[in-house]
Amino acid sequence: MMTSVIGAMERIPRVPLATLPTPLHEARRLRDALGGPDRCPRILLKRDDLTGLALGGNKARKLEFLVTDALRGGATVLVTTGGVQSNHARMTAAAGRMVGLPTSLVLSAAPGEREVQGNLLLDRLLGAEITFVEPPRDPMKLTGPDEAAALAELEARLRARGERPYLVPLGGSTPLGVLGYVAGALELEGQLEAAGARPERLYVACGSRGTAAGLVLGARLAGAPYAVRGVAVSGGDPASTAFAVEIANGTAELLGSHARLTPDDFETDQSQIGPGYGRSTPASLEAIELLALTEGVLLDPVYTAKAMAGLVADIRAGAIDPATTVVFVHTGGQAALFAHAAELAVATGRVGGRDGSAR
């Protein structure tokens, strides 16, 4: 089956935007910090933070297919939406520049959250046109009530001045975008085979669900041994899971596959959401510090910190056999660390040195 899937993938046009394959390496010091082989499984980090598109991240894989679709349709500008520290918005702007298209963004943020730093700084450097809207009233949600209207108004304004806008949906989470993580799952399967690893679980952060949809479908098509455990960073289930099923099955159709997923194929840990999307928890702040100190790897405060917190919680609860292997997909987003500098400084008690003194 895997050969036929690879063949089907190769027939779908894509523009190269990412540096692939991304590395897969073992987090030995992290394992030691979590109790060693007697208590902690072998942990493999899939470094999709190193895709190389404007600081990297998971969206590069999706944008390879979506930007190609935009170019084939004669688009003259990319349009997308997200929070003020959206990794997706930053990477869409970078992808546009790589193929010669400007980008217009609708970003949700309260007036006091619009300081030009982190991802927003990079959006500016990439020349994106930015329209701000108020953030969601419900902190569990990814989008606010004004975003759809603002996007429609922006598209109308662009068309009025002769542009042909191409809407990249939130997170790039469409059947076409999901192809990026079907390809990612096939890439991972080859790396696992080369390493002689047969993991039981794969952990990944879940927001708009496009990455999880691709990984679950890709694992099914590749005959991978692991179950995908998504760690939610926002609320919305069971509707979010239903959406993941819908777009994954749409991707299967694009590939000419008869495989179909159901909600039972999606395992989602909702214990790490905390007070809401983009809001840190003690566990997520600990996860950032833990991986930095053990592996020299930086997590982001919105997605991967909560996903790692979920993995750490499962290990400490004894929910994973320490004789097994797990994969953690690092989806990037470190630019947002700078927008959380104050709370990170308080949480770590550091200003440069381990004892709190600069050095």
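The values are calculated or read from the model by the stated rules, or taken from the named source; none is laboratory data. Since the structure is predicted, the reported quantities are computational estimates derived from the model, not experimental observations. In this analysis, Cβ positions are derived from the backbone assuming ideal geometry, glycine residues included, and neighbour counts consider all displayed protein chains.
A quick yes/no check of all residues on (1) among the charged types (D, E, K, R); (2) assigned to a strand (DSSP E or B):
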site	(1), (2)
Pro135	no, no
Thr143	no, no
Arg159	yes, no
Tyr166	no, yes
Gly177	no, no
Glu189	yes, no
Ala212	no, no
Leu215	no, no
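Name the pairs: first residue in the stretch 17-35 and free of Cβ contacts under 8 Å to residues at least 60 places away in the same chain, second residue surrounded by fewer than 16 Cβ atoms within 10 Å (Cβ to Cβ), Cβ to Cβ under 8 Å, at least 6 apart or on different chains?
Here the result reads Ala18/Gly52; Thr19/Gly52; Arg31/Pro37, each pair linking the stretch 17-35 to a residue that is surrounded by fewer than 16 Cβ atoms within 10 Å (Cβ to Cβ).
Is at least one residue of the stretch 95-108 under 23 Å from the mean Cα position of the chain (by Cα) and at pLDDT below 95?
Looking for residues that are under 23 Å from the mean Cα position of the chain (by Cα) and at pLDDT below 95, one finds at least one in the stretch 95-108, hence yes.
Assuming Pro139 fulfils every condition listed in (1) in a loop (DSSP other than H, G, I, E, B); (2) within 20 Å of the chain's Cα centre (by Cα); (3) under 20 Å from Leu66 (Cβ atoms) apart from one, which condition is it?
Only one criterion in (1) in a loop (DSSP other than H, G, I, E, B); (2) within 20 Å of the chain's Cα centre (by Cα); (3) under 20 Å from Leu66 (Cβ atoms) is unmet by Pro139, namely (3).
Residue by residue through the stretch 224-243, note down the ones that are touching a residue at least 40 places away in the same chain (Cβ under 8 Å) and out of contact with any Asp or Glu (no Cβ under 8 Å at 6 or more places or on another chain).
Correct list: Val233, Ser234, Gly236, Phe243.
Consider the stretch 191-210. How many of its residues are under 25 Å from Leu142 (Cα atoms) and either of a type in the set (Ser, Thr, Tyr) or assigned to a helix (DSSP H, G or I) (or both)?
Of the residues in the stretch 191-210, 3 are under 25 Å from Leu142 (Cα atoms) and either of a type in the set (Ser, Thr, Tyr) or assigned to a helix (DSSP H, G or I) (or both).
Given the options Arg72, Arg61, Arg90, Arg157, name the one that is at pLDDT 95 or above and under 20 Å from Val233 (Cα atoms).
Selected residue: Arg90, the only one of Arg72, Arg61, Arg90, Arg157 that is at pLDDT 95 or above and under 20 Å from Val233 (Cα atoms).
Taking the conditions exactly as written (surrounded by fewer than 24 Cβ atoms within 10 Å (Cβ to Cβ), out of contact with any Asp or Glu (no Cβ under 8 Å at 6 or more places or on another chain) and basic (Lys, Arg)), does Arg198 satisfy them or not?
So Arg198 passes the test.
Here are Ala307, Ala287: which of them is small (Gly, Ala, Ser), on the phi < 0 side of the Ramachandran plot, touching a strand residue (DSSP E or B) at 6+ places or on another chain (Cβ under 8 Å) and not in a loop (DSSP other than H, G, I, E, B)?
After applying the criteria, what remains is Ala307.
Considering (1) crowded, with 20+ Cβ neighbours inside 10 Å; (2) farther than 16 Å from Thr331 by Cβ; (3) touching an Asp or Glu at 6+ places or on another chain (Cβ under 7 Å), say which one Gly310 fails and leave the rest.
For Gly310, the exception is condition (2).
For Asp314, indicate whether it is modelled with pLDDT of 95 or more, over 23 Å from Asp38 (Cα atoms), charged (D, E, K, R) and not in a loop (DSSP other than H, G, I, E, B).
So Asp314 fails the test.
Answer yes or no as to whether Gly250 is surrounded by fewer than 24 Cβ atoms within 10 Å (Cβ to Cβ), touching a residue at least 24 places away in the same chain (Cβ under 8 Å) and part of a loop (DSSP other than H, G, I, E, B).
Criteria not met by Gly250.
Taking Ala219 as the residue in question, decide whether it is among the aliphatic types (A, V, I, L, M) and without any contact (Cβ under 8 Å) to a residue 40 or more places away in the chain.
Answer is yes for this residue.
How many residues are crowded, with 18+ Cβ neighbours inside 10 Å, β-branched (Val, Ile, Thr) and more than 24 Å from Cys206 (Cβ to Cβ) if we restrict to the stretch 22-78?
Summing the residues that are crowded, with 18+ Cβ neighbours inside 10 Å, β-branched (Val, Ile, Thr) and more than 24 Å from Cys206 (Cβ to Cβ) in the stretch 22-78 gives 2.
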